[in-house]
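Down below is the structure, laid out as structure tokens.
The values are calculated or read from the model by the stated rules, or taken from the named source; none is laboratory data. All values reported here derive from a predicted model rather than from experimental measurement. Quick reminder, even Gly has a Cβ in these numbers, built from the backbone with ideal geometry, and neighbours come from all protein chains shown. Only protein heavy atoms, including side chains, enter the accessible area calculation; ligands, DNA and RNA are left aside. Shrake-Rupley method; radii C 1.70, N 1.55, O 1.52, S 1.80 Å.
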Amino acid sequence: MQERENVVNAEDRDVAALISAAGPRPRLADGAAAEVRAAVEAEWRATVAGRRQRRNFTAWAAAAGLGAAAVAVWLARPLYLPASDPVASVARVEGGVEYRVGLGEDWVSAATAVSLRPGDELRTNDSGRVAVKFNNGIEVRLDTGTQLALVDSSHAVLARGGVYVDSGEGAEARLRDLEIGTPLGDVRHLGTQYQARLLDGALQVAVREGRVEVGTKATTVVGGAGEQLIFADGGVTRAPLPVHAGQWAWIGLVTPPFSIEGKSVDTFLAWAGRETGRAVDYASPTAAQQAHAIVLRGSVAGLTPEQAISAVLSTTPLRLEIQADRIRIEEPAS
């Protein structure tokens, strides 16, 4: 027995020496990180599916799933490269927001301008929200109680909570690729504004502008503006959701800064209308011409888009009426 213990101790010392000699683990390159996460996610999905099919899912099967995930990581080790370049940065922080640079690392407070790389994660507490801007121009905002991991420049994984994605305007917006993976399906924009939320075992995807494509294990579904898709219990239901509904209100609380200095009123209103889901309605050609001619000075930092609309128009001779679905601008009273 003593001889066997000596052999085991010697083996332990050998393993410890190898680990020490290997040094700290380098970060995954973009492609390697994506491959590892994809392998782990695929194994996880297969495990969950098996659990649903067999109620008597045994402990050894779960252990096998974890083992397969570990093997995927180990096999990817030859692909490890030094730290990747940033793929996004923090644009605005409200309340409690933390991030970490990789699994197993400590969470630290996030601040504006922090760079984010593949493998980094963000989380918000019950009062926290954060806006992130990807290098390709896509904006992502995290609501309270949310955790999101950046796989690479075009993939992120939502573990809990809700996110809002804005791919921008124009034809180029469809070329900005970002897929949000969730346990219930993967969401891909087709040039749009949308939010995805995990709530009570369901995936809710609401579309404000453009279209989204949601792929699940069973099917692929496309949703359009003014529509909400709810994925639960293997099925999907559709319901209308106005683009200015209350469910969109939270995104205004963490809108990235918009500089009005030197901008015309109509440029500002185009931004504000898109942020609030309202159309900009000029009562007359004269009102539109004046909105284009007036140049703004100052700042709207810290204001929600609704607050900014009132604050900015109060400095002009134009008359403002904010309706449920539109911002109406009239020329000055004669």
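The table for this structure:
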read-out: Selection from region 321-334 of residues that are open to solvent by 60 Å² or more (accessible area, probe 1.4 Å) and of a type in the set (A, V, I, L, M); value: ILE322, ALA324, ALA333
read-out: Count - residues of region 92-113 that are open to solvent by 20 Å² or more (accessible area, probe 1.4 Å) and under 23 Å from GLU179 (Cβ atoms); value: 4
read-out: Long-range neighbours under 7 Å by Cβ, at least six apart or interchain, first residue in contact (Cβ under 8 Å) with a residue 40 or more places away in the chain and open to solvent by 10 Å² or more (accessible area, probe 1.4 Å) within region 153-165, second assigned to a strand (DSSP E or B) and acidic (Asp, Glu); value: HIS155/GLU179
read-out: Counted residues, region 201-219 - those being part of a loop (DSSP other than H, G, I, E, B) and either buried (at least 17 other Cβ atoms within 10 Å of the Cβ) or without any contact (Cβ under 8 Å) to a residue 24 or more places away in the chain (or both); value: 3
read-out: Test result for ALA283, within 30 Å of LEU303 (Cα to Cα) and not basic (Lys, Arg); value: yes
read-out: Residue ID - farthest from GLU275 (Cα to Cα), chosen from residues in region 119-153 that are in contact with a strand residue (DSSP E or B) (Cβ under 6 Å, 6 or more places away or on another chain) and part of a loop (DSSP other than H, G, I, E, B); value: ASP120
read-out: Wholly within region 231-315, helices (runs of 4 or more DSSP H) carrying at least 3 residues that are open to solvent by less than 20 Å² (accessible area, probe 1.4 Å) and touching a residue at least 40 places away in the same chain (Cβ under 8 Å); value: 265-276, 305-313
read-out: Index of the failed condition, ARG129 passing every other in (1) surrounded by fewer than 22 Cβ atoms within 10 Å (Cβ to Cβ); (2) over 11 Å from the mean Cα position of the chain (by Cα); value: (1)
